[in-house]
1. DSSP loop chymotrypsin sites (Phe, Trp or Tyr not before Pro) in the stretch 104-139 with at most 16 other Cβ atoms within 10 Å of their Cβ, which ones?
2. Here is the link list: LYS119/LYS152; LYS55/LYS226; LYS55/LYS163; LYS152/LYS185; LYS152/LYS229. Which ones come out longer than 32 Å on Cα distance?
3. Restricted to Cα positions, what overall size does the stretch 121-197 have along the principal axes? Three whole-Å values, descending.
4. If I stretch the segment between VAL248 and LYS119 completely, what's the gain in nm (0.36 nm per residue apart, minus their alpha carbon distance), one decimal?
5. Under a Cβ-Cβ cut-off of 13 Å, what is the net charge of the residues other than GLN65 that fall near it, where Lys and Arg count +1 and Asp and Glu count -1?
Amino acid sequence: MTKEDVENVHSARLLEDVHKTSTDQHSTEDHEQSQQPITDHHEEVNYHGRILENKNLRLLLSDSQVTNTIVTDYHTTNQVNVINGTGTLAFWNSTGDIGLFKLLQMHIHAPSEHTFNGKNYDLELHLVHRKFGTNILSVLALYYDVNEGGNKENEFIESLKLKEHNPQVALIPLQEQIEAVDVSKIIHYKGSLTTPPCTEGVNWIISPKPFHISEEQMEIINHHWKSDKTFANGNGNNRQVQALNDRVIYYHILDHALVNKIQVSLLAFVFLISYF
Ligand SMILES: [Zn+2]
């Protein structure tokens, strides 16, 4: 990832997007940093934002698994509401403050909502987390792309049974997916909720390196939206890229990836501190 790549990460949907489980949540923190969403349009983005490297950014992901759940078809997305599950995210923001977040739900967009060098990836997964004891949200965005990530079946995506309608799933192997996230390259910016009156800041945390997915899997997913001309004129369920305006995008590239096991122990340690 180069600085150029980062510059080409445009902010996309600024969360109308936190579907069902979290539309009633309003954060009260970071008011001054929140930006109102920009009117949806199809023109090229006008970039006025600032892009800064920030060494304070750091992401840790804990053991995650989701059992006995339903992948619900909300028409605009397929979503797993995490009731029986674990999954925590620790995030150090640009000022070095740590926040601990619990996984609430995950859902998909195809094609991706964020673009990289002007290009959408095939699929974007949003893992929506809420900060413990607050209504502040963080969304971790992961990507899947047949060309950039490889044309190979993705077991995690397969577990979502997207071929079926509202399938019951015994186990979603989120852990393997989380372990594969390269936390040495992350991008962060503050977005906004677009559904009134939810206009407060949302932490976007982007892991830009796409995972593999097979053409067959993408065909099944695209059957829901992109291949359906009656849904958003066959444009998919992503939202058009939005202008950055004066927001700041931070990125951090570590010299080497932290070992996952170390992360997990660190996170456990942080939890002990925060709870006792
Ligand atoms: Zn989303």
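Each reported figure results from applying straightforward, stated rules to the coordinates on display, with no laboratory input. This is a predicted model, so every value here is computed, not measured. So basically every Cβ, Gly included, is an ideal-geometry build from the backbone, and we count neighbours across all protein chains shown.
1. On the way: sites: PHE116, TYR121, PHE132; in loops: TYR121, PHE132.
Those that pass, being in a loop and sparsely packed, are PHE132.
2. Table pairs above 32 Å Cα-Cα are LYS55/LYS226; LYS55/LYS163.
3. Largest first, the stretch 121-197 extends 38, 32, 23 Å along its Cα principal axes.
4. Here the segment from VAL248 to LYS119 would lengthen by 44.4 nm.
5. Value of the local net charge: -3.
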